[in-house]
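Engineer: Okay, here's the structure, questions in a sec.
The values are calculated or read from the model by the stated rules, or taken from the named source; none is laboratory data. Remember, it's a predicted structure, so these values are computed and weren't measured experimentally. Reconstructed Cβ throughout: ideal geometry from the backbone, glycine too, with neighbour counts over all protein chains shown. Surface accessibility is based on the protein's heavy atoms, side chains included, excluding ligands, DNA and RNA. Shrake-Rupley method; radii C 1.70, N 1.55, O 1.52, S 1.80 Å.
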Amino acid sequence: MDWNLPWDDPANVQLSDFSSFFCDDALAPKDSLHPFPETGILAITGPGTAFGDGSEDPVPLRGIPPQTILCAETRASGIPWPAPGDFDVRDMPHTINAPNGKGISGRYKGGFHVIFADAEVWFLSDGVPFDTLSRFFTVADAAKHNRDKLLKPFVLWGPGQY
C-alpha cells in the first residue's frame with residue numbers, strides 16, 4: 001500500500017488481490033467500482049469516544065476505561081476495507097442486527113462482536129438493547145457503568161471461551 005496515494009488509487013487497487021489476507025471475501029462481492037470487499041469491523045468514533053471526532057485528540061490509552069467499546073462488527077458496512085470509515089455515534093444506526101445488516105450486526109446468527117479497550121472481544125446477543133450497549137461508547141459514560149452488570153447477561157462468547 002502506498003500511503004502517499006489515496007486508498008482507491010490504481011496503484012493501491014492492485015492490492016485487492018490480497019484482500020483475503022485482511023478480510024473474508026464473503027463480506028461483499030467485488031465489482032468494478034469497489035474491487036475490495038467491505039470491512040466487517042468499524043471503530044466507534046465521535047465526540048467523547050476514545051478515537052474522538054476528528055476535531056479533538058484521541059484519548060491516551062491509559063485514560064480509557066477498560067470497559068469502553070472501541071470497535072464493533074457490521075455485516076453491511078458499505079465501506080471497502082482500505083477506505084476510511086467508522087461508526088460515528090452522532091449518526092450511526094441505533095439498531096442491533098437489523099435485517100439489512102447496517103449498523104452493529106454480526107455475520108453469525110444471534111449476535112455480534114465488540115472489542116473493548118482492554119482488548120477483550122465479546123460476542124454479544126442481538127437481544128442487547130442499543131441503549132444499554134451505547135453506554136460503553138464514550139469514555140465518560142463507560143467510566144460510569146459496569147459492563148459485567150449490564151452486558152454480561154448478553155454474552156454468548158467472551159473471554160476464555162474462544
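Engineer: Of all the accessible heavy-atom surface of the chain, with the other protein chains kept in place and a 1.4 Å probe, what percent is carbon and sulfur?
Structural biologist: On the way: 4900 of 8860 Å².
Reported share for carbon and sulfur atoms: 55 percent.
Engineer: I want the antiparallel fraction of DSSP beta bridges within the chain, as a percent rounded to 5.
Structural biologist: Details: 15 of 18 bridges.
Counting DSSP beta bridges with both partners in the chain, the antiparallel share is about 85 percent.
Engineer: Calculate, for D8 and I41, the FRET efficiency according to 1/(1 + (r/R0)^6) with r their C-beta to C-beta distance and R0 25 Å; round to the nearest 0.05.
Structural biologist: Values: r = 20 Å, r/R0 = 0.79.
Once rounded, the FRET efficiency stands at 0.80.
Engineer: Give me the orientation-averaged projected area of the Cα convex hull of the range 93-149, in nm², one decimal.
Structural biologist: Details: hull surface 16.4 nm².
That works out to 4.1 nm², a quarter of the Cα hull's surface.
Engineer: For G78, list long-range residues whose amide hydrogen, built 1.01 Å from N in the peptide plane, is under 5 Å from its own amide hydrogen.
Structural biologist: Excluding prolines and chain starts, which carry no amide H, there are no hits.
Engineer: For the chain, with every protein chain kept in place, what is the accessible area per residue (1.4 Å probe, Å²)?
Structural biologist: Details: 8860 Å² over 162 residues.
I get 55 Å² per residue for the chain.
Engineer: Here is a follow-up. Amide H of D88 versus every other amide H placed in the peptide plane: which residues, excluding those fewer than 5 positions away on the same chain, fall under 5 Å?
Structural biologist: T45
Engineer: In square nanometres, what is one fourth of the surface area of the convex hull spanned by the alpha carbons of the range 44-156? Numbers along the way, then the final one.
Structural biologist: On the way: hull surface 27.5 nm².
Mean projected area for the range 44-156: 6.9 nm², to one decimal.
Engineer: Follow-up. Using the Karplus curve 6.51 cos²θ - 1.76 cosθ + 1.60 with θ = phi - 60°, work out ³J(HN,Hα) for each residue of the range 94-101 in order, rounded to whole Hz, and write x for Gly and Pro.
Structural biologist: Per-residue couplings from phi come out as 8, 10, 10, 6, 4, x, 7, x Hz.
Engineer: For the range 145-153, what does the Karplus curve 6.51 cos²θ - 1.76 cosθ + 1.60, with θ = phi - 60°, yield as ³J(HN,Hα) per residue in whole Hz, taken in order and with x for Gly and Pro?
Structural biologist: Per residue, the Karplus-derived 3J(HN,Hα) values read 10, 9, 5, 5, 6, 8, 9, 3, x Hz.
Engineer: Rounded to the nearest 0.05, what FRET efficiency is calculated for T95 and W157 with R0 set to 22 Å and r the Cβ-Cβ distance?
Structural biologist: Values: r = 21 Å, r/R0 = 0.97.
Efficiency computed from Cβ-Cβ geometry: 0.55.
Engineer: With the chain treated as a Gaussian network of Cα nodes joined by springs under 10 Å, which of T68, T45, T132 yields the largest mean-square fluctuation?
Structural biologist: Among T68, T45, T132, the largest GNM mean-square fluctuation belongs to T132.
Engineer: With θ set to phi - 60° and the Karplus curve 6.51 cos²θ - 1.76 cosθ + 1.60, what are the ³J(HN,Hα) couplings of the range 111-128 in order, to the nearest whole Hz, using x for Gly and Pro?
Structural biologist: x, 7, 9, 10, 10, 8, 4, 8, 6, 6, 10, 10, 9, 9, 5, 6, x, 5
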